[in-house]
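Colleague: Once you've had a glance at the structure underneath, I'll fire off some questions.
The values are calculated or read from the model by the stated rules, or taken from the named source; none is laboratory data. Keep in mind that what you see is a predicted model, and the values were worked out from it rather than measured. Here the Cβ positions follow ideal geometry from the backbone for every residue, glycine too, while neighbour counts run over all protein chains shown. In case anyone asks, the SASA skips ligands and DNA or RNA and just uses the protein heavy atoms, side chains included. Shrake-Rupley method; radii C 1.70, N 1.55, O 1.52, S 1.80 Å.
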Amino acid sequence: MTSQTSLAPLAGRVAVVTGASSGIGEATAEHLASLGAEVAVLARRKDRLAELVSRIEKNGGTALAITADVTDAEAVGAAAERVKNDLGGADLLFNNAGVMLPAPVEELRADQWQRQIDLNITGLMNVIGAFTPQLVEAAAERGVADLINTSSSAAQNLYPTFAVYAGTKAFVSHLSKHLRVELGPKGVRVSAVEPGIVGTELQDHVTDPGAAAWLQGSKETIDWLQSDDIARTVGFIASMPLRVNLPQVFIMPTAQPS
Ligand code: NDP
């Protein structure tokens with residue numbers, strides 16, 4: 001059983017964080033390490049992961065950088081093997097890498113539709129496929145495991161021009177509910193975190209002028225969430241007593257109406 005002191009509630013835990021080179025994933029990796037977890041950080045940008053690992057280590061934590069593209073199932077499988085060999089296997093997976101590319105559907109940006117589907121759905125599934133055996137094993141052997149998927153408020157709310165992104169996130173939320181009933185009886189807690197707007201690099205990838213203007217207007221009038229707000233939410237979910245599972249956590253900027 002994991003030691004759960006109030007100072008280091010995640011001591012003894014091994015966390016994997018995808019999308020850890022910026023934004024929500026980066027903040028969450030740092031926060032989970034500060035709560036005592038050993039953290040494996042995954043993304044494509046090697047330099048950003050190296051900086052993150054050195055920051056975590058400077059603060060007394062343990063971290064392992066794994067450069068991988070999560071849309072590449074083979075690379076994700078190799079990453080899972082590395083986590084098993086180097087850290088003994090994951091018992092906390094924050095499945096978070098994602099991209100948001102809104103545009104009016106009539107513009108037929110099939111390239112952007114595909115990028116979102118490839119990363120937000122196929123990439124997410126590659127990670128689930130590679131790490132679920134470790135989570136199930138950890139739940140059986142160590143008595144604890146968490147699978148926390150990053151969805152979005154777009155899974156619940158309606159935003160014009162965000163249809164494909166919202167569709168991918170509705171997949172994440174519904175998948176999470178189903179996995180919970182499948183894996184919960186094996187001791188794996190499954191959660192979907194559904195944030196409203198968080199100020200990160202996510203908005204920088206938007207190319208559609210209408211969506212970019214809407215986001216800019218929102219930024220000027222609403223105090224957006226910060227990555228650390230989500231990091232602390234993930235830390236809270238994983239630090240709860242083992243009998244407690246938060247299946248769906250909807251978290252909004254106070255002034256964002258929907
Ligand atoms: P960022 O753009 O800051 O982070 C995205 C992360 O995903 C980066 O670390 C990026 O790293 C990684 N990534 C992108 N493509 C790949 C890939 N092919 N393989 C591996 N890693 C990849 O955005 P956020 O932190 O905001 O986004 C994190 C999650 O939160 C996403 O799922 C997003 O949909 C969700 N979300 C964000 C909200 C927001 O308003 N910011 C609101 C609701 C949900 P690299 O480029 O180095 O690979």
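Colleague: Can you spot the lysines whose alpha carbon is less than 24 Å from Lys186's alpha carbon? Ignore those fewer than 8 places along the same chain.
Modeller: Excluding near neighbours in sequence, the set is Lys84, Lys177.
Colleague: Would you mind calculating the relative contact order of segment 1-149 from Cα pairs under 8 angstrom and at least 6 residues apart, reporting the percent as a whole number?
Modeller: 24 percent
Colleague: Report, to the nearest 10°, how far helix 227-239 tilts away from the longest principal axis of the Cα atoms in the chain, using its own Cα long axis and a range of 0 to 90°.
Modeller: Compared with the principal axis, the helix lies near 40 degrees.
Colleague: Next question, about the same structure. For segment 8-251, give the percent of accessible area contributed by carbon and sulfur heavy atoms, probe 1.4 Å, rounded to a whole number.
Modeller: 54 percent
Colleague: Another question about this same structure. Based on the Cα atoms of segment 8-251, what semi-axes does the equivalent ellipsoid have, where each is the square root of 5 times one gyration tensor eigenvalue, given in whole Å with the largest first?
Modeller: Ellipsoid semi-axes (Å, largest first): 28, 19, 18.
Colleague: Can I ask one more? Can you tell me, using C-alpha contacts under 8 Å and at least 6 residues apart, the relative contact order of segment 130-258 as a whole percent?
Modeller: After rounding, I find 30 percent.
Colleague: Per residue of segment 101-116, in order, report the coupling 6.51 cos²θ - 1.76 cosθ + 1.60 (Karplus, θ = phi - 60°) as ³J(HN,Hα) in whole Hz, putting x for Gly and Pro.
Modeller: 10, x, 5, x, 4, 5, 6, 6, 7, 4, 4, 6, 4, 5, 4, 5
Colleague: So for the chain, averaging the separation of alpha carbon pairs under 8 Å that are six or more residues apart and normalising by length, what relative contact order in percent results?
Modeller: Reported relative contact order: 20 percent.
Colleague: Excluding residues fewer than 8 places away in the same chain, name every one of the lysines whose C-alpha is closer than 20 Å to that of Lys58.
Modeller: Lys46
Colleague: Per DSSP H run of at least 4 residues, take -39500 (n - 2.57); add these up for the chain, divide by its residues and hand me the 222 nm value, nearest 500 deg cm²/dmol.
Modeller: Details: 8 runs with 113 residues, N = 258.
Theoretical 222 nm ellipticity from helices: -14000 deg cm²/dmol.
Colleague: Then there is this: Per residue, what accessible area does segment 8-251 have, given a 1.4 Å probe and all protein chains present, in Å²?
Modeller: 43 Å²
Colleague: Positive end of the dipole of segment 8-251, charges at C-beta (+1 Lys, Arg; -1 Asp, Glu), about the Cα centre: which of Gly98, Thr150, Ser22 has its Cα farthest in that direction?
Modeller: About the Cα centre, the residue reaching furthest to the positive side is Thr150.
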